[in-house]
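Worksheet: the structure to be examined is printed underneath.
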Amino acid sequence: MSETPGQDGRDAGSPHPLLSAPLVDQPGVGPKAAGDLATLGLTRVWHLLTHLPMRYERHEAEAPVAELEPDRIVSARGTITATRLAGRGRKARYEAVLMDGDGRLDLVWFNMPFMRDKVRVGDRVRVHGKTKQRGPGLQIANAKVEHLEGEEAPPEDERVRPVYPASERINSARIEKIAQSVLPGAIGVIEDHLPESFLRERKMPALGEAYRLVHFPEDDDDAPRGRRRLAYDELLLFQLGVQLKRAHLRTALRAPALKHSAEIDKHIRSRFGFELTPSQDKVLEELVADLTREVPTNRLVQGDVGSGKTVVALYAMLMAVAGGHQAALMAPTEILAEQHAAGIGRMLEGSKVRVGLLTGAKNAAERTALLEDLREGRIDILIGTHALLTDRVRFKSLGVAIIDEQHRFGVHQRAMLRAKEDDEGSTPHMVVMTATPIPRSLALTLFGDLDVSTIDRKPPGRAEIKTRLVTPEQRAKVYQYARERLDQGERAFVVAPAIEQGSTETAAVGPLAKELAEGPWRGVEIGILHGQLHPRDREATMEKFRTGAIQALVATTVIEVGVDVPEATMMLIESAERFGLAQLHQLRGRVGRGDQPSLCVLIGAPTTDDAIARLQAVASSSDGFKLAEKDFEIRGPGEVFGSRQSGAAPFRVADLARDLELLTMARRDAADWTRRSPALDAPDEALLRRRVAKAHGEALGLADVG
Ligand code: ADP
Ligand code: MG
């Protein structure tokens, strides 16, 4: 960030010196506390400011132990004077006596052996829980315990207390105390990037006030009010970023307007061995409208596994080639890139279109020759992995860039691929494809800068896929049954989570293939496929499976995305509880691609609630959209889209499942805002603009805007 002073003596957007100051210099923070805070990654004042409580507890005023009454939820404090472990097995319990002057309170914890290490004789503690009459005295079962440090005064009245994410080294109560001494000053210097009138209309507190409300709530409504502003703020900044990006694409960048005619259309379609479905045609119509304009296309094509996205992509690429430009197709795995190259190569056999394949596996000489051909325009369509993104890859004239299975890449990679403009500074049309259907609200948020087309029907004649959930005890039967179908000439995938045996519980490709070859599948041609094989061996194995020379393929999840062998009818997944929901659906999508009835068997011993819910969801539905919603429900959006790898928006406060209302509001507000001020460049928008760029600039590829 620049150091140039702005109107108020600082650069707009750079934090106030107090906010960026080290915590160790602050009142009430000694070197020990600073070291402990650092274990949570908190070293500067603004780190602490944005270290938000995860929940709140209402603390009653504490009463002397002697005055406690039965059947009340109470808080009390005192010293532990005795402990003992009693009972055994399921009845094991840990007991302690808490004394406060001459008041005695009995404590007991059931099935919590770890309390032994937590509560010891001599400890000064505050306990919280419900009192019960036990003989002459009172007892609290499974009380919450907080250790008191030094002589903290007991609260005089009931109040709401924040519970902070803490660590071994520093607990929530200490963080709270430090926050109380450091944050009030910091909150005083926070500048808001939104105008007062704007906030008033939305009944939202100013930014500083919002932080005060979440850190120091005085009653039950405070924290939610503060949180609402902070969540809205994140969503608004992101949406503004997305809008800026869109505006930039529209106005500042040019792509080649591709030609389209009935003749070109006929020519391209003649290459496909089938008629396109109405669903594919509809998407193509949208795509052709995009590609024939100079405004760079930025479209997401989503469609469930097997819906036929590849030909749509190929159509777009051939339009580029017909117009004298090049096209690129980027896939997340080498196997998929190899398969695309083989499949597209087959469709284009006998045509003049030249297809190149660039993966990490190429040797230096091959690579140099390929890149040279590319730069000179001797390659029309380049297919590859991330390797496409490296600087050395230069096109003569890239007209269309496709990213397959976009959810495996980040928004960032999209920006990098787009940056492969040609010498005349023209940018490619971008089409990204995904089989991970995204609930609509999320698609709009996370891919808000994209137009969305959906292939909502699969090609006709697809037989249904039966999905069965079985326990490991039923394995033998499953393989026996599958064997009978293999003997009829069918083909099967068997998927295991690991390559070699690591633990005894997890199935592994090597041992599994051996077990099958020597046992139930003796005499069947079995191949092995995983990421550590040489690409040449991998290609050879895939080709043999495609032609039927190999009948069963034992593989890791390298076959998860995109692999397309219509003759494969069985998918057997070992240790299925190890896989995610979307992953299982993708794996299942490898079968049911032809007209033969297909079978997917999930062999698993799920032990957690999540794993059970996941397997049952996959077994009960084959609708990718429904499953995506379900996945979202089970894991939450943070997990589903939270990884940097998926390029999801990094929201700390906003929860996309919960904050839909705020999301809608933020989208609308951002759209209105950029309509009034498309570049966000009014003088009083400087702070806002900086904060948008800072929060989302990199992820959205806004560097060129900022
Ligand atoms: P995905 O959407 O999962 O990427 P693919 O593009 O791999 O799906 O297509 C799945 C299979 O369906 C391929 O074998 C492809 O050739 C075939 N296919 C695609 N479109 C049609 C169609 N209109 N009619 C018949 N088969 C089709
Ligand atoms: Mg595909």
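The values are calculated or read from the model by the stated rules, or taken from the named source; none is laboratory data. The structure presented is a predicted model; accordingly, all values stated were derived computationally and were not measured. When we count neighbours, we look across all protein chains shown, and the Cβ atoms used for this are built from the backbone with ideal geometry, even at glycine. Quick note on the areas: whole protein, heavy atoms, side chains included, nothing else; ligands and nucleic acids left out. Shrake-Rupley method; radii C 1.70, N 1.55, O 1.52, S 1.80 Å.
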Failed item in (1) open to solvent by less than 20 Å² (accessible area, probe 1.4 Å); (2) assigned to a strand (DSSP E or B); (3) not acidic (Asp, Glu), with residue 317 passing the rest: (2)
Residue list for segment 251-285, filter: in contact with a strand residue (DSSP E or B) (Cβ under 7 Å, 6 or more places away or on another chain) and more than 16 Å from ligand 1 (Cβ to nearest atom): 255, 256, 258
Sole residue being buried (at least 18 other Cβ atoms within 10 Å of the Cβ), in the same structural domain as residue 567 (by TED's automatic domain parsing) and closer than 24 Å to residue 543 by Cα, chosen from 507, 517, 498: 498
Conditions (1) in contact (Cβ under 8 Å) with a residue 40 or more places away in the chain; (2) closer than 25 Å to residue 404 by Cβ; number of the one not met by residue 234: (2)
Residue that is most open to solvent (accessible area, probe 1.4 Å) [pool: residues in segment 250-294 that are in a helix (DSSP H, G or I) and among the β-branched types (Val, Ile, Thr)]: 251
Pair list, Cβ under 7 Å, 6 or more apart: segment 240-261 residue without any contact (Cβ under 8 Å) to a residue 60 or more places away in the chain, other residue buried (at least 22 other Cβ atoms within 10 Å of the Cβ) and among the small types (Gly, Ala, Ser): none
Leading residue by the ranking (nearest to ligand 1 (Cβ to nearest atom)) among those in segment 240-249 that are touching a Gly at 6+ places or on another chain (Cβ under 9 Å) and open to solvent by 30 Å² or more (accessible area, probe 1.4 Å): 246
Residue selected from segment 286-335 under the condition polar (S, T, N, Q) and touching a strand residue (DSSP E or B) at 6+ places or on another chain (Cβ under 9 Å), by the criterion nearest to ligand 2 (Cβ to nearest atom): 310
Residue in segment 567-575 that is away from ligand 2 (no atom under 16 Å from the Cβ), part of a helix (DSSP H, G or I) and more than 24 Å from residue 331 (Cβ to Cβ) present: no
Any hit, segment 607-618, residues being at pLDDT 85 or above, among the hydroxyl-bearing types (Ser, Thr, Tyr) and open to solvent by less than 60 Å² (accessible area, probe 1.4 Å): no
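Restricting to segment 300-311, give me the number of residues that are more than 8 Å from ligand 1 (Cβ to nearest atom) and buried (at least 24 other Cβ atoms within 10 Å of the Cβ).
The qualifying residues number 2.
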Residue in segment 581-588 that is in contact (Cβ under 8 Å) with a residue 12 or more places away in the chain, within 16 Å of ligand 2 (Cβ to nearest atom), touching a helix residue (DSSP H, G or I) at 6+ places or on another chain (Cβ under 9 Å) and assigned to a loop (DSSP other than H, G, I, E, B) present: no
